[in-house]
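Pasting in a structure now, in structure tokens, and then I'll have a few things to ask.
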Amino acid sequence: MKKYGLLIMAGLCLVVLFFGHLQWKNMSKAAGIEGKKAEERIKEKEKEEREALIQSLKPGNKKQQSLIDYLQYKSLTQEKVIVSLIGSNGTSGTGASNFSNSWAGRLERSLRSERDDLETLGFINHSHEGYTTNDLLEGKKIDAVINDNPDLVIFENPLINNQYQSISLEQTEKDLKNIMSKLQKELPNAKILIISPNPVANSKTENSLELNYLDYIKGSERVIKNNKWTYINSVNGIEKKLKEENMRMADILTNDNLHPNDLGHNIWFEVLDEYFKLQ
């Protein structure tokens, strides 16, 4: 009798284990299904949030779109985003202790860290020390920029070298028109930002044509204004910051009184960085 009792107990245990395992299996399956649904809901929400972000950044949905918003929109809607730089000494980093301390190096780092979507932003620098506007054309630097197929072009108009090498204002303005015409024709979908070079210590010193640096700035600005090109006057921006910080021009230039030092490049970067975020 005792033997039969043990067998019955063993049988009951097996039944309990069987149904318990079956219930656990069903619960695990249900949990798995619910987990999968939760994951799908999260993915769907992320997709909706991404689409909403794209729509909020879409050109035309705002009266004025900042350049950083424009670059983020591009990064969300295409595989890669390219910024091409062209110019002369200032953009190539002359005066900075290393390129990472130049305004271009600082701007690249800032944009990449500002938005997660810009981590893979590509900067390509085609600037060359000592180049004039004509050198940029003859040296195929404009062609190199076009070959990048960039989304944004930052063009530093090399007026310091034009003034120093006594290139006439007429030729300077003609070169500027030719550069912009070529860029706009070959890169119709790219944004183009023209910036002036940095301020210099002896801006009123005349060259062999009896023209000073500010004459070249003003002459180029007339052409830029008439054609409604996007432009930043770096000279005014940097000088304004110097006044605010109670600093001298000598504090931000190297010993040649022409090229910005690390501090000068940082202030130049701040001027550009503020513009990039301007709505």
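Please count how many residues of segment 195-214 are free of Cβ contacts under 8 Å to residues at least 60 places away in the same chain, outside any helix (DSSP H, G or I) and under 20 Å from Thr132 (Cβ atoms).
Initial filter on segment 195-214 (free of Cβ contacts under 8 Å to residues at least 60 places away in the same chain): 196, 199-214.
When the remaining residues are screened for being outside any helix (DSSP H, G or I), the result is 196, 199-212.
Subset that is under 20 Å from Thr132 (Cβ atoms): 196, 199-200, 202-203, 205-212.
Matching residues across segment 195-214 total 13.
Of Ser127, Ser92, Ser88, Ser100, which residue is touching a residue at least 60 places away in the same chain (Cβ under 8 Å), closer than 19 Å to Glu156 by Cβ and not acidic (Asp, Glu)? Working first, answer last.
Values: Ser127 fails: touching a residue at least 60 places away in the same chain (Cβ under 8 Å); Ser92 fails: touching a residue at least 60 places away in the same chain (Cβ under 8 Å); Ser100 fails: touching a residue at least 60 places away in the same chain (Cβ under 8 Å).
It is Ser88.
Take segment 118-147 and flag every residue that is farther than 17 Å from Lys191 by Cβ and assigned to a helix (DSSP H, G or I).
Pass one, segment 118-147, residues farther than 17 Å from Lys191 by Cβ: 119-120, 125, 127-141, 143-144, 147.
Scanning segment 118-147 gives Thr133, Asn134, Asp135, Leu136, Leu137, Glu138, Lys141, Asp143, Ala144, Asn147.
Here's a follow-up. Tell me, yes or no, whether segment 165-179 has at least one residue that is within 22 Å of the chain's Cα centre (by Cα), under 18 Å from Ser88 (Cβ atoms) and not acidic (Asp, Glu). Lay out the reasoning, then the answer.
Taking segment 165-179 first, the residues within 22 Å of the chain's Cα centre (by Cα) are 179.
So of that shortlist, the ones also under 18 Å from Ser88 (Cβ atoms) come out as 179.
Filter again for not acidic (Asp, Glu), leaving 179.
Checked against the condition, which is being within 22 Å of the chain's Cα centre (by Cα), under 18 Å from Ser88 (Cβ atoms) and not acidic (Asp, Glu), segment 165-179 yields at least one hit.
Same structure, new question: For segment 148-168, give me the residue count where each residue is surrounded by 14 or more Cβ atoms within 10 Å (Cβ to Cβ) and within 22 Å of Gln184 (Cα to Cα).
Number satisfying all stated conditions: 11.
A further question on this structure: Quick test of your reading of the structure: Leu176 fulfils all but one of (1) touching a residue at least 24 places away in the same chain (Cβ under 8 Å); (2) closer than 23 Å to Asn257 by Cβ. Name the failing condition by number.
Leu176 satisfies all of (1) touching a residue at least 24 places away in the same chain (Cβ under 8 Å); (2) closer than 23 Å to Asn257 by Cβ except (2).
So Leu121 fits all but one of (1) modelled with pLDDT of 95 or more; (2) buried (at least 17 other Cβ atoms within 10 Å of the Cβ); (3) within 30 Å of Leu57 (Cβ to Cβ); what number is the exception?
Leu121 satisfies all of (1) modelled with pLDDT of 95 or more; (2) buried (at least 17 other Cβ atoms within 10 Å of the Cβ); (3) within 30 Å of Leu57 (Cβ to Cβ) except (1).
Report yes if Asn246 is out of contact with any Gly (no Cβ under 9 Å at 6 or more places or on another chain), at negative phi and loosely packed, with under 15 Cβ neighbours inside 10 Å, otherwise no. First the steps, then the outcome.
Working: out of contact with any Gly (no Cβ under 9 Å at 6 or more places or on another chain): yes; at negative phi: no; loosely packed, with under 15 Cβ neighbours inside 10 Å: yes.
Judged against the criteria, Asn246 is not a match.
Follow-up question, since we're still on this one. On the basis of being in contact with a strand residue (DSSP E or B) (Cβ under 6 Å, 6 or more places away or on another chain), part of a helix (DSSP H, G or I) and under 16 Å from Glu173 (Cβ atoms), does Ile217 make the cut? Please lay out each step first, then the result.
Working: in contact with a strand residue (DSSP E or B) (Cβ under 6 Å, 6 or more places away or on another chain): no; part of a helix (DSSP H, G or I): yes; under 16 Å from Glu173 (Cβ atoms): yes.
Criteria not met by Ile217.
Follow-up question, since we're still on this one. From Thr205, Thr230, which residue is touching a Phe, Trp or Tyr at 6+ places or on another chain (Cβ under 9 Å) and surrounded by fewer than 16 Cβ atoms within 10 Å (Cβ to Cβ)? Don't jump to the end; show me each part of the working.
Values: Thr230 fails: touching a Phe, Trp or Tyr at 6+ places or on another chain (Cβ under 9 Å).
Going through Thr205, Thr230 in turn, just one is touching a Phe, Trp or Tyr at 6+ places or on another chain (Cβ under 9 Å) and surrounded by fewer than 16 Cβ atoms within 10 Å (Cβ to Cβ): Thr205.
How many residues are modelled with pLDDT of 95 or more and farther than 30 Å from Thr254 by Cβ if we restrict to segment 75-104?
Narrowing segment 75-104 to residues modelled with pLDDT of 95 or more: 81-104.
Restricting the remaining residues to those that are farther than 30 Å from Thr254 by Cβ gives 81-82.
Qualifying residue count, segment 75-104: 2.
Is it true that Asp175 is crowded, with 16+ Cβ neighbours inside 10 Å, among the acidic types (Asp, Glu) and at pLDDT 95 or above? Quick ask: steps written out before the conclusion?
On the way: crowded, with 16+ Cβ neighbours inside 10 Å: yes; among the acidic types (Asp, Glu): yes; at pLDDT 95 or above: yes.
Here the answer is yes, as Asp175 does meet what is asked.
I would also like to ask the following. Any residue at all in segment 181-202 that's among the small types (Gly, Ala, Ser), surrounded by 15 or more Cβ atoms within 10 Å (Cβ to Cβ) and within 28 Å of the chain's Cα centre (by Cα)?
Taking every residue of segment 181-202 in turn, at least one turns out to be among the small types (Gly, Ala, Ser), surrounded by 15 or more Cβ atoms within 10 Å (Cβ to Cβ) and within 28 Å of the chain's Cα centre (by Cα).
If Tyr231 passes every condition in (1) at positive phi; (2) in contact with a strand residue (DSSP E or B) (Cβ under 8 Å, 6 or more places away or on another chain) but one, which one does it miss?
The single condition Tyr231 does not satisfy is (1).
The values are calculated or read from the model by the stated rules, or taken from the named source; none is laboratory data. The model shown is predicted, which means the values in this text are computed figures rather than measured ones. Please note: Cβ atoms are built from the backbone with ideal geometry, for glycine as well, and neighbour counts cover all protein chains shown.
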